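What follows is a single structure, written as structure tokens, with notes after it.
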Amino acid sequence: MTTRRPCQAKTASWAVKSDGSPTTDPEEAIEGMLLPTAGPKGFGLALSIDLLCGILSGGAMGSDVMPLYGSADVPYDCSHVLIAIDVGHFGDAATARARVEAFCNAIRDGAKAPGVDRLFTPGEPEWQRRTKWGDEVPLDASVLNALKELARELGTEIKTTPR
């Protein structure tokens, strides 16, 4: 199952106003809602995810989830669920790992748009940064200077490790 469909320009089928009528206006969409992609199939996937997250975590579902950009006084109450699957229960784990690696390589080796040097799988850039920096957090000099100034105002200091 996939929600993949041909790339389209932003159309009125992607969001609705608070009254349920179609819109392409971002402000009206925030007041209303974004619609799942891929029509009924996308709705089915979104519904399944909503049920899994809400039922298994005991959190809100559907219209009980508050708007992400709503009032700061009202809890968002968005539910999450993380599921780990031991692929060894379904077959050989080494075979599964090889298939996943081949699938990821097919993504990385895909056609690139002009000016794009490399394609990444989801999470790969973050993983590379984590591998490079470990437990350190790289900061732009302007951010570090602002933090040092704030620390000075609060009567403390920031300990840094230059790289």
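The values are calculated or read from the model by the stated rules, or taken from the named source; none is laboratory data. These figures come from a predicted structure and were not determined experimentally. Ideal geometry is used to build each Cβ from the backbone, glycine not excepted, and the neighbour counts take in all protein chains shown. Heads up: the accessible areas ignore ligands, DNA and RNA and are worked out on the full protein's heavy atoms, side chains in. Shrake-Rupley method; radii C 1.70, N 1.55, O 1.52, S 1.80 Å.
I'd like the residue in the stretch 134-163 that is of a type in the set (S, T, N, Q) and modelled with pLDDT of 85 or more and, out of all such residues, is surrounded by the most Cβ atoms within 10 Å (Cβ to Cβ).
To start, the set of residues in the stretch 134-163 that are of a type in the set (S, T, N, Q) comprises 142, 145, 156, 160-161.
From what is left, the residues that are modelled with pLDDT of 85 or more are 142, 145, 156.
On the way: Ser142: 8, Asn145: 11, Thr156: 9.
Here the residue is Asn145.
Can you pull out the residues in the stretch 39-69 that are farther than 23 Å from Ser13 by Cα, open to solvent by 40 Å² or more (accessible area, probe 1.4 Å) and within 18 Å of the chain's Cα centre (by Cα)?
Residue satisfying the conditions is Leu52 alone.
For the stretch 107-133, enumerate the residues that are open to solvent by less than 100 Å² (accessible area, probe 1.4 Å) and either of a type in the set (Gly, Ala, Ser) or in contact with a Cys (Cβ under 7 Å, 6 or more places away or on another chain) (or both).
Gly110, Ala113, Gly115, Thr121, Gly123
For residues that are of a type in the set (Phe, Trp, Tyr) and on the phi > 0 side of the Ramachandran plot, tally how many sit in the stretch 113-163.
Step one: filter the stretch 113-163 for residues of a type in the set (Phe, Trp, Tyr), giving 120, 127, 133.
When the remaining residues are screened for being on the phi > 0 side of the Ramachandran plot, the result is none.
The total comes to 0.
Pairs only if they're at least six apart or on different chains, beta carbon under 9 angstrom, first in the stretch 118-146 and within 21 Å of Glu101 (Cβ to Cβ), second modelled with pLDDT of 90 or more and exposed (fewer than 10 other Cβ atoms within 10 Å of the Cβ); list them, first residue then second.
Leu119/Asp109; Leu119/Gly110; Leu119/Ala111
Can Ala72 be described as surrounded by 12 or more Cβ atoms within 10 Å (Cβ to Cβ) and either under 23 Å from Gly20 (Cα atoms) or at pLDDT below 90 (or both)?
Values: surrounded by 12 or more Cβ atoms within 10 Å (Cβ to Cβ): no; either under 23 Å from Gly20 (Cα atoms) or at pLDDT below 90 (or both): yes.
So Ala72 does not fit the description; no.
Considering every residue within the stretch 93-102, establish whether at least one is modelled with pLDDT of 95 or more and among the hydroxyl-bearing types (Ser, Thr, Tyr).
Yes, that holds for at least one residue.
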